[in-house]
Structure formats: C-alpha cells, structure tokens
Amino acid sequence: MGLLIVGSIGLDDIETPFDKVTNALGGSTTYISLAASYFSGPVSIVGVVGDDFPDEHLKMLEDHNVGLEGLQIVKGAQTFRYGCKYHYDLNVRDSLFTELNVFEKFNPIIPDKEKKSSFVILGNIAPQLQINVLDQLENPKFVVCDTMNFWIDRSKADLIKVLKRVNVLIINDSEARLLSNEPNLIKAAKMISEMGPKYLIIKKGEHGALLFGENTIFSAPAYPMENIFDPTGAGDAFAGGFTGYLHKNMEFSFENLKRAVVYGSVMASFCVEKFSTKGLENLSFLEIHNRYIEFRELSSFN
Ligand code: AMP
C-alpha cells in the first residue's frame, strides 16, 4: 500500500537575513511528499488549493510521482498563504500572517483506493481535519503526526484527541514545551508520550533531534551546515524522510527508527540549502545515502 499524506499546500512569503521570496511553493504536504518520494512509492496527497495555485507546482509534484487524486482545486477560492521572517539565529522565526483561505471550509475526501492506506502522515493542519481523515481510513496501522504552535494554541483539545490515535508525533522543542506546559524536554516528552504516541521525536533545529521510545532515548546529530538559506519546511522534510524510509523497509525496531531519524535529518539538511522546496526537487538517492553515511561518521565513536 502507498503512503498517504494530508496537510497544507500553499504559497509562502519568506524573509531571511539573506533574501526574500514571495508566492513561493510551500505547505506541509508539499515538503513531506517531496522528501518521501525519494524513498517510497507511491506517495499520495490529500489537500486543497484555490484555482490561483500555479499549474507548474502541480506538474513538479507529479514529476516526483506524487499522486494528486485527493487534491481538491476549488474554483474562485484563494490558496492557503503563510508568511514568516527569520532572525539571524535561524532557529527563531516570526510568523507574519496565516491566511487559511480555502482551508477554512475544507472537507478532506480520501479517494476510495487510498482508504486502505496503512501508512499515513498527518501533516501540520487543523487537528479537526486530522481526525476527519483518520475517521475515513479503514485500518491505519502506522500514523505519523506533525503540528505547530498555531494549532496547539487554538485547538489543543482536538489535538489531544488526535494524539491518542498516532504512533509517532514529530514536533519541535518549543512546541513540546507549549503542548506540555513543561520547560524541561525530558519531562515534557514523558508527559506527551502519556497523551498517546508510542514514539515522540523532538526536533531541535540546527541542534539535531531526539527520539523517545519506551525508556529509551536516541540523540541524532544535525548536519553541520555552512549554507542555510531557508529553514522553512525542514520539519516537514524530516517527517517525509523519516516516514518514507520506514515505509520502504517496513521494519519498526527502535534501531530502525534511529536510522529513519537520520534519514529524516538528511532530508531536512537538503531542504534548508535552498529557498522554498528547491532543495528537495533535484536529488538522487545516491546523494541522500552519501549524506546519511556522513551523518553516521559525524557521531560515531568508541
Ligand atoms: P515548517 O517550517 O516545517 O514548520 O513548515 C512550514 C510550512 O508549513 C510552510 O510552507 C507553511 O506554508 C506551512 N504552514 C505554516 N503555518 C501553517 C498552519 N497553521 N497550518 C498548516 N500549514 C502551515
């Protein structure tokens, strides 16, 4: 069975200390599906855009074998839009605007052939919509979920309902603190694990990621990068690489989850090298694997 991805698809205005882009391709599903497409096929998305969404972006996704049957294009409606500005410390960003537009009335409809999907990524999107999607699936076996402060602030009760139904939650450190009301990440992780997910991944921007399992923690390094142009979508690229790798080899031991975390980190590192989705558009599996080996050497010692 394929890998089903649900989340936002949109147009972003991004400002970093180095450059600025407007109307760039963005959205959680977009980054996740591109990153996952290098591992597993087929990848299908469920989402919504307005008819202002450029065809060239749809073509690019199709060229990466991303199935668009579950994408609704609403006539006369505006696509989701997001704007943010990064500080010199690129781990810190201010969200400037979030225009839900076509997402406000979105009713996700899973195509019949995807209803049997056992592997699902619930990308960053309203938790109510994440629940709606899970309700349509026959027997989802491995559900990976992402969210962000926007939804923790606005829809925490619904998010907590989602968490009871997911296997892995992927969030960043500030979101983990916000969700648990606990400043210490280890304590926060315990509290969040009690909300449902068997595994929790806390991303720490350019400082790597922590994978929490039952009584076990794995600390993955971050790739030391000289050229970070745009951190947008790094978390989504991580989720796509992590889940794509597991979907490809269907092995769920903690050891394999560790490898998946490193593949997730590899995809995040490619993502941030260029603006918008450009860093994920022209990769080869060999490049991805070579960077995985570099990651391994980076933190191996006796
Ligand atoms: P990340 O940098 O991994 O947090 O992902 C950034 C992407 O998420 C951007 O391309 C945005 O279009 C999208 N995004 C930002 N805010 C939201 C939101 N509230 N709901 C859904 N998607 C969002």
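What follows is calculated from the coordinates using simple rules that are stated; it is not laboratory data. Because the structure is predicted, anything quoted here is derived from the model rather than measured. Positions of Cβ are backbone-derived with ideal geometry, glycine not excepted, and every protein chain shown enters the neighbour counts.
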**Q.** Dipole magnitude (debye, nearest 20) for segment 111-225, charges at Cβ of Lys, Arg, Asp, Glu
**A.** 180 debye
Q) If you take the square roots of the eigenvalues of the alpha-carbon gyration tensor of segment 89-191 and sort them as a ≥ b ≥ c, do you get rounded (a/c under 1.5), prolate (a/b over b/c) or oblate? A) oblate
Q. Ordered by packing density, taken as the mean number of other Cβ atoms within 10 Å over each peptide's residues, highest first, how do 244-250, 83-89, 168-174 rank?
A. 168-174, 244-250, 83-89
(Q) Given Cβ point charges of +1 (Lys, Arg) and -1 (Asp, Glu) and nothing else, what value in debye, to the nearest 20, does the dipole of segment 228-302 about its Cα centre take? (A) 80 debye
Q. Mind checking which of S37, S118, S276 has the largest fluctuation in a GNM of the chain, springs on alpha carbons under 10 Å?
A. S118
Q: Rank P17, N184, G264 by how far each Cα sits towards the positive end of the charge dipole of segment 3-298 (+1 on Lys, Arg Cβ; -1 on Asp, Glu Cβ) and give me just the farthest.
A: N184
Q | DSSP bridge pairs, segment 3-298: antiparallel proportion in percent, nearest 5 | A | 40 percent
Q: Sticking to Cα atoms, compute the Rg of segment 1-151 to one decimal and its Dmax as the biggest Cα-Cα distance, whole number, in Å.
A: 15.3, 47
Q: Just need the relative contact order of the chain here, percent rounded to a whole number, with Cα pairs under 8 Å and 6+ apart.
A: 17 percent
Q) How long are the three semi-axes of the equivalent ellipsoid of segment 120-276, in whole Å, if each is the root of 5 times an eigenvalue of the C-alpha gyration tensor, listed from largest down? A) 22, 18, 17
Q) Among Y263, Y223, which comes first, second and so on when ranked by fewest other beta-carbon atoms within 10 Å? A) Y223, Y263
Q. So, with +1 on the Cβ of K and R and -1 on the Cβ of D and E, and no other charges, what is the size of the charge dipole of segment 3-298 about its Cα centre, to the nearest 20 debye?
A. 940 debye
Q.
Straight-line reach only, C-alpha to C-alpha below 12 angstrom: list the aspartates and glutamates that K113 could link to, leaving out same-chain residues fewer than 8 apart.
A. E69, E138
Q | Whether segment 15-68 is rounded, prolate or oblate, judged on the alpha carbon gyration tensor where a/c under 1.5 counts as rounded | A | oblate
Q) If you take the Cα Rg of the chain and divide it by 2.2 N^0.38 Å, with N the number of residues, what do you get? A) 0.91
